[in-house]
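The values are calculated or read from the model by the stated rules, or taken from the named source; none is laboratory data. Here the structure is a predicted model, which is why all the values come from computation and not from measurement. Cβ placement follows ideal geometry from the backbone for every residue including glycine, while neighbour counts extend to all protein chains displayed.
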Amino acid sequence: MKTTMKRIALLAVAVFAIVANAVPAMAKVKVVATISDLGSLVQIVGGDDVEVTVLCPGEMDPHFLPAKPSLARKLGQADMLIYNGLELEVGWLPLLIRKARNPSIKPGTKGDVDCSAAVTELLEVPGANVDRSEGDVHPMGNPHYTLDPRRAVLVAHYLAERLGRIDAAHAAEYEERAEAFAQDVAARSVVWKAQTATTAERPVIIYHRTWAYLVDFLQLDVVGEIEHRPGISPSPRHVQELIERARQMDQLLVVSATWDHHHVSTEVAQRAGGVAVVLPAQAGAGGGTGNYLDLIDTICRELAAAGKTGE
Amino acid sequence: MNIHQRLLGAAVLLVLGLPGWAAAQGGASSTATGISRLMNPSISLNTLLLGQTSRDIKTHDANQINLQEMEIQFSSIVDPFWTADLIVAMHPEHAHEGEEAGTHYAVDVEKAIVEYRGMPRGFGLRVGKDFLNFGKQIPLHTHNFAFVKAPVGISAFVGDHGLTETGVDLAWNVPLPWWAELNVYATSATAVIFDGTSRDLAYGGRLSNLWDTSANSTLEFGLSALTGPGAVHEMDGPSGRWNMYGADLTWKWISGTTTGGPALYLTNEILLPDPEHKEGDPLGFYSHLQYRFGRQWWLGLGASVARDAEPEHDHDVAEVHGLRTIRQVKANVTLAPSEFSAIRLGMHYDEEEDGDFQDLGAYLQVNFTIGSHPAHAY
């Protein structure tokens, strides 16, 4: 009996040793990103050392992602959750985190990564007297910072640091990739700004404040907003006033995101004698925007083309 | 003054003076009270105002403008181990004979739970008072109903306000290729369906499954079961164990490409009360269709039936005796100018099979929320 037990024990040890040796030192880090821009950035920084899942597809407005439990299932398997923060995902992410029941991504853990922590100089941070009469205002500032490549570089470095905490063996590689991304952005920024130089001279009306950071990066001249209170449908009166004002402007551009209500922006552009431009606002929103750099390339190319119309 | 009195006096002065001193130092997280506001819970208040009228029911309850319900909610992380949610609801009490309706308000603790943060992956533990996790309709708070009132197929058996009990709920995300969640719970048995004086507990469970049928649509199928000590009726005495089973099927489609674009929800639920000493063949059913046809506009259509229901859970027709079967159809249109307010106009028609009771009613509901209100479940 004892001999049998010993044999079983030896066999178990041998099997364990074989299995243990077969497992690589560190399997890929399973990362779940809330939005596709962050998914693309973490893929750039993480390379083959990460396995990335994105919750909100590029073509969907990240304010209003339905909190499907099937998304919580994806979160339940994650080693790391990276999210935009500044309450962009407040309508659905807390529900999913709770439903996922994954201790690895609980607030305050190594797997909980709020990318807004990396971003300096947030825009549109309201004063102390903010209230909802101004619409669905984000009390900590405009959350759409990923559309500024300079701020995306900050996020990339932050992601490298946070990945390194979970996977120390590849920390140096993460930082190298983030630095390479920063250099790539620096080189492309010259092109992007040159491309859109003409556009920057034209008055621009935006649909939603999605574009605040892109406007800051490209120094566009925003003269109005269709959705004058964020998250609230524009009233016919506001649209009419905006059209009346826009008629006084030459070479107007009306910029909206793929998920906005294009019939309104088209109407404003047509009645004011301007040009409507529909832009992808996240990586993966179609039209060759598979990754972050492609997204900014596409936005700048389309803005440049729009900037030349009617010249 | 002896040394002890001096020490006590000094201690009192120190305690009274420290907060003021701390505030004077301008600590970023301190208020004038010396207590950080950063640790305050998220607080919100939801209010439902209801105007209703009925062609057939002449009571003041069914023809009035009143506060339908007001909910105050607090949510917070307690410490490294627990998160907490508390909901206190106020609503008018049903008028007793000789009383004027809408003059007295009841206060209910609908939710007072803590959830343990340290459970291993896939498990959840909640302790406290909450709606029983049975089916789709019963766990809903009133402001999250698809219509102004619960469908008759549910309310005829469990009342208008769901079932709240105090106990323990263990959840497990079942590792299957689709989303599957199993809940089992043991609670007090004080709700209207139970014998509130019994020492026995109620036990229940729910298995919920959800599949992504496309990028923008899901199908959810749930099974629920509940057992507890049955209510004691004045006329008939103890009713033995109260058992109840349920199944629900929900299909949702939400446009993924336009903010506030079209959406379609179809919810179906069947309730099978199975008390130990049951009369008739009780069954509840409803089907709800909700369609968003504009960024701010929803249309709702519903049908429901309560078969062989006991009348005492429906206060509007308390004088009716014996089992009855009621059919209900209803429709509403909702304008929701933001996520924080909505106006709902609707009507319903209830009719008793083989009976005289019928009720054609209309209502107008105003719903608003202030504060930091957590998002609703999918």
Practice prompt. Test A:I97 against the stated conditions and say whether it is free of Cβ contacts under 8 Å to residues at least 40 places away in the same chain and among the hydrophobic types (A, V, I, L, M, F, W, C).
Written response: yes
Worksheet item: Taking the range B:98-121, which residues are more than 21 Å from B:L67 (Cα to Cα) and more than 14 Å from every other protein chain (Cβ to nearest Cβ)?
Response: B:A112
Worksheet item: Quick check: anything in the range A:221-240 hydroxyl-bearing (S, T, Y), within 22 Å of B:T259 (Cα to Cα) and not assigned by TED's automatic domain parsing to the domain that holds A:R151?
Response: yes
Response to the item:
Filtering the range B:262-274 for residues that are of a type outside the set (S, T, Y) and surrounded by 19 or more Cβ atoms within 10 Å (Cβ to Cβ) leaves a count of 3
Worksheet item: Within the range B:227-235, can one find any residue that is surrounded by fewer than 16 Cβ atoms within 10 Å (Cβ to Cβ), at pLDDT 95 or above and part of a strand (DSSP E or B)?
Response: no
Practice prompt. Specify which of the listed residues (A:Y207, A:Y145) is of a type in the set (F, W, Y) and in the same structural domain as A:E51 (by TED's automatic domain parsing).
Written response: A:Y145
Fill in: Residue identified as touching a residue at least 40 places away in the same chain (Cβ under 8 Å) and more than 8 Å from every other protein chain (Cβ to nearest Cβ) among A:V137, A:V52, A:V119
A:V137
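Okay, residues lined up against (1) in a helix (DSSP H, G or I); (2) crowded, with 21+ Cβ neighbours inside 10 Å; (3) on the phi > 0 side of the Ramachandran plot:
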| position | (1), (2), (3) |
| --- | --- |
| A:S133 | yes, no, no |
| A:D136 | no, no, no |
| A:M140 | no, no, no |
| A:R150 | yes, no, no |
| A:V153 | yes, yes, no |
| A:H157 | yes, no, no |
| A:L163 | yes, yes, no |
Worksheet entry | Segments classed as helices (runs of 4 or more DSSP H), wholly inside the range A:201-311, with at least 1 members that are closer than 18 Å to A:D37 by Cβ and in contact (Cβ under 8 Å) with a residue 40 or more places away in the chain | A:212-218, A:292-308
Discussion item. Checking the condition assigned by TED's automatic domain parsing to the domain that holds A:V125 and within 22 Å of the chain's Cα centre (by Cα), which residue from A:V215, A:V185 passes?
Written reply: A:V185
Worksheet entry | Odd one out for A:D49, checked against (1) in the same structural domain as A:E173 (by TED's automatic domain parsing); (2) modelled with pLDDT under 95; (3) of a type outside the set (G, A, S) | (2)
Worksheet item: Of all residues in the range A:279-292, which are on the phi < 0 side of the Ramachandran plot and surrounded by fewer than 19 Cβ atoms within 10 Å (Cβ to Cβ)?
Response: A:G290, A:N291
Discussion item. So in the range B:210-226, with the set limited to residues that are among the small types (G, A, S) and part of a strand (DSSP E or B), which one is surrounded by the fewest Cβ atoms within 10 Å (Cβ to Cβ)?
Written reply: B:S214
Worksheet item: If you check B:A377, B:A336, which single one turns out to be within 21 Å of the chain's Cα centre (by Cα) and closer than 23 Å to B:P41 by Cβ?
Response: B:A377
Discussion item. Please go through the range B:346-378 and give me each residue that is within 14 Å of another protein chain (Cβ to nearest Cβ) and assigned to a strand (DSSP E or B), ordered by number.
Written reply: B:F368, B:T369, B:I370, B:G371
Discussion item. Being away from every other protein chain (no Cβ under 14 Å), in a helix (DSSP H, G or I) and loosely packed, with under 14 Cβ neighbours inside 10 Å is the requirement here; does A:A172 meet it?
Written reply: yes
Worksheet item: Counting only residues that are more than 19 Å from A:S36 (Cβ to Cβ) and in contact with a helix residue (DSSP H, G or I) (Cβ under 6 Å, 6 or more places away or on another chain), which one in the range A:88-123 is surrounded by the fewest Cβ atoms within 10 Å (Cβ to Cβ)?
Response: A:K110
Worksheet item: Of everything in the range B:122-145 that's in a loop (DSSP other than H, G, I, E, B), touching an Asp or Glu at 6+ places or on another chain (Cβ under 7 Å) and within 14 Å of another protein chain (Cβ to nearest Cβ), which residue is surrounded by the most Cβ atoms within 10 Å (Cβ to Cβ)?
Response: B:N133
Discussion item. If I filter the range B:332-345 for residues that are at pLDDT 90 or above, in contact with a Gly (Cβ under 6 Å, 6 or more places away or on another chain), closer than 20 Å to B:K278 by Cβ and part of a strand (DSSP E or B), do I get at least one hit?
Written reply: no
Response to the item:
Checked B:H60, B:H104, B:H94 against criteria (modelled with pLDDT under 95 and in contact with a Gly (Cβ under 8 Å, 6 or more places away or on another chain)); the one match is B:H60
Practice prompt. Considering only the range B:50-82, state which residues are of a type in the set (A, V, I, L, M, F, W, C), assigned to a loop (DSSP other than H, G, I, E, B) and surrounded by 15 or more Cβ atoms within 10 Å (Cβ to Cβ).
Written response: B:I57, B:A62
Worksheet item: Looking at (1) within 14 Å of chain B (Cβ to nearest Cβ); (2) of a type outside the set (V, I, T); (3) under 18 Å from A:G164 (Cα atoms); (4) in contact with a Lys or Arg (Cβ under 9 Å, 6 or more places away or on another chain), which is the one condition that is false for A:N102?
Response: (3)
Worksheet entry | Selection status of B:G205, surrounded by fewer than 22 Cβ atoms within 10 Å (Cβ to Cβ), modelled with pLDDT of 95 or more and either out of contact with any helix residue (DSSP H, G or I) (no Cβ under 7 Å at 6 or more places or on another chain) or assigned to a loop (DSSP other than H, G, I, E, B) (or both) | yes
Response to the item:
Those residues of the range B:290-312 which are crowded, with 17+ Cβ neighbours inside 10 Å, within 22 Å of B:S255 (Cα to Cα) and either touching a helix residue (DSSP H, G or I) at 6+ places or on another chain (Cβ under 7 Å) or of a type outside the set (G, A, S) (or both) amount to B:Q290, B:R292, B:W298
